[in-house]
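Novice: Mind having a look at this structure? Questions to follow.
The values are calculated or read from the model by the stated rules, or taken from the named source; none is laboratory data. Small disclaimer: the values here were computed from a predicted structure and weren't measured. Reconstructed Cβ throughout: ideal geometry from the backbone, glycine too, with neighbour counts over all protein chains shown.
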Amino acid sequence: MIINNYNANYPVSINFSGHAGCENIITKIGMRKNVTTETRFFRDYKTLKYATNYIREVFRSLKEKYFVVGACSTGEDVYSLKMLMGKEPLKITGFDIGKETVKDAKSGIFSLYFPVESKTKYRIDDLSTYEDAYLGFDKTDLTPEQKQLKKIFSEHFECIETKDSLKYKIKERLRKIFDVTYVEFDKLRFKYKKTGEDFEFKTADIRDFRGMLPERKCQLFAFKNSFYHIVTDNNYCIRQQLPREWIKPMLDKIFKNINKSLDKKGLFIMGENEHNQKSDIFIIGKSLLDNGFLPIRMPDRPYQNIWVKVKEVD
Ligand SMILES: C[S@@+](CC[C@H](N)C(=O)[O-])C[C@H]1O[C@@H](n2cnc3c(N)ncnc32)[C@H](O)[C@@H]1O
C-alpha cells in the first residue's frame, strides 16, 4: 500500500480517508498514468445499504449470490459489501487496473489511521475526512449507525498490530529518527478473519474486462468513484472531460458488457458524488439507458447512482 507523505502543517485539510494513495500504471499504449486509489470502508454507505437490502429481497430464492466489484482499489468496497450482506452465502470478484493495489486487496490486511494531534483536539465526528477511523479506535461518542458498523467490522476483522506491539514500537521509533517531518499517525492493522474462499481479486481494465470474469452471472456490479479515470483527462493539472464522441462509444461497450454480466433485475452501482471529479454524469446516464438499465431514485441524492438491468442487449 502506498501512503502519501503528508505535510505536517495541514493535518486536517488533507484529503485523507481509509486508504489514501495512488499507483503509477502503464496504459495499453505504453504511457505511464497515475491513478488515485483512495477508498474507505463503507464509502457511499446509503448506496451500499440500499443495494444489499435490494439484493437480499429480490434474489431471496438464490442460494449463493455473486457480485463483481470493478475499481475495487485495495478492496474496501469488496469487504464492505461482504460485511453488509451478513451471513448470506456470497462470492465476490474484485478487479482493478492497478497491480500493486490488487495485491494489497488480496492480502486482506488493512491499516486504519488517525492523526495523533487530532485525537486530542477534535471529536472523531468532526473529522469528515477521516471517515472510517472510528472502526479501529475506541470512541464513546459514536452514532448508532457507526456503532453498528464498528460491531460488524470487528466480527469480520481482527487487530493484528496494535500500538503496544513491539513491531509497531520499533517502526515508530525508526520513523521518528528518519522521518520527522510528517504528520504522526496512530496506526492499527486489521486482518480479515476468513481470507480466501469468498473472494478473488484480479488486475483488469473496465474497458476490457469480460474475458477476465467467470461465466457466472452476477446480481450486483459496482464501479464506484472511478468514472473520472476514464471519461476525463488530467491536462497540466486541470481535469477535463474527454470529447463526448469518444466517451459515448466507450461507455456503451462497458455497459453492454456489464449488462451481459448481470442477471435481469440485477444492480449496477456507482459512487454518490461521481460528478465531483468532472465526470459528465449525463453521458454516463444516457449510455446506461441505451444499454438496458433504468435508474432507481434514492431520496437526497443529486443524481441516480443505482441502476437496475431491465432488459438484455445484443
Ligand atoms: C478513487 S478509487 C475508487 C475506489 C473505490 N471504488 C471507492 O469507491 O472507494 C479509483 C480506482 O479506480 C481504479 N481504476 C481506474 N481506471 C480503471 C479502469 N479502467 N479499470 C479498472 N479500474 C480502474 C483505480 O486504480 C483506483 O483504484
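Novice: Of all residues being at pLDDT 70 or above and over 19 Å from ARG189 (Cβ atoms) in segment 106-148, which is surrounded by the fewest Cβ atoms within 10 Å (Cβ to Cβ)? Just the residue, please.
Specialist: Keep residues of segment 106-148 that are at pLDDT 70 or above, which gives 106-112, 131-137, 141-148.
With the extra rule that they be over 19 Å from ARG189 (Cβ atoms), the set shrinks to 141-148.
Numbers: ASP141: 9, LEU142: 16, THR143: 10, PRO144: 7, GLU145: 11, GLN146: 19, LYS147: 12, GLN148: 11.
That would be PRO144.
Novice: Condition first: within 16 Å of the ligand (Cβ to nearest atom) and closer than 16 Å to ASP290 by Cα. Now tell me which residues in segment 262-275 satisfy that.
Specialist: Restricting attention to segment 262-275, the residues satisfying the condition of being within 16 Å of the ligand (Cβ to nearest atom) are 267-275.
Passing the criteria: LEU267, PHE268.
Novice: Right, another one. Quick test for you: out of ASN225, ASN257, ASN305, pick the one residue that is crowded, with 16+ Cβ neighbours inside 10 Å, within 13 Å of the ligand (Cβ to nearest atom) and on the phi > 0 side of the Ramachandran plot. Spell out the reasoning first.
Specialist: On the way: ASN257 fails: on the phi > 0 side of the Ramachandran plot; ASN305 fails: on the phi > 0 side of the Ramachandran plot.
Going through ASN225, ASN257, ASN305 in turn, just one is crowded, with 16+ Cβ neighbours inside 10 Å, within 13 Å of the ligand (Cβ to nearest atom) and on the phi > 0 side of the Ramachandran plot: ASN225.
Novice: Scan the strands (runs of 3 or more DSSP E) fully inside segment 20-105 and keep the ones with 1 or more residues being crowded, with 24+ Cβ neighbours inside 10 Å, near the ligand (Cβ under 10 Å from one of its atoms) and among the β-branched types (Val, Ile, Thr). Show your work before the answer.
Specialist: Details: elements: 22-26, 32-36, 65-70, 90-96.
Result: 65-70.
Novice: In the set LEU267, LEU262, LEU251, which member is buried (at least 18 other Cβ atoms within 10 Å of the Cβ), out of contact with any Asp or Glu (no Cβ under 6 Å at 6 or more places or on another chain), over 18 Å from ILE55 (Cα atoms) and at pLDDT 95 or above? Please lay out each step first, then the result.
Specialist: Working: LEU267 fails: over 18 Å from ILE55 (Cα atoms); LEU262 fails: over 18 Å from ILE55 (Cα atoms).
Selected residue: LEU251, the only one of LEU267, LEU262, LEU251 that is buried (at least 18 other Cβ atoms within 10 Å of the Cβ), out of contact with any Asp or Glu (no Cβ under 6 Å at 6 or more places or on another chain), over 18 Å from ILE55 (Cα atoms) and at pLDDT 95 or above.
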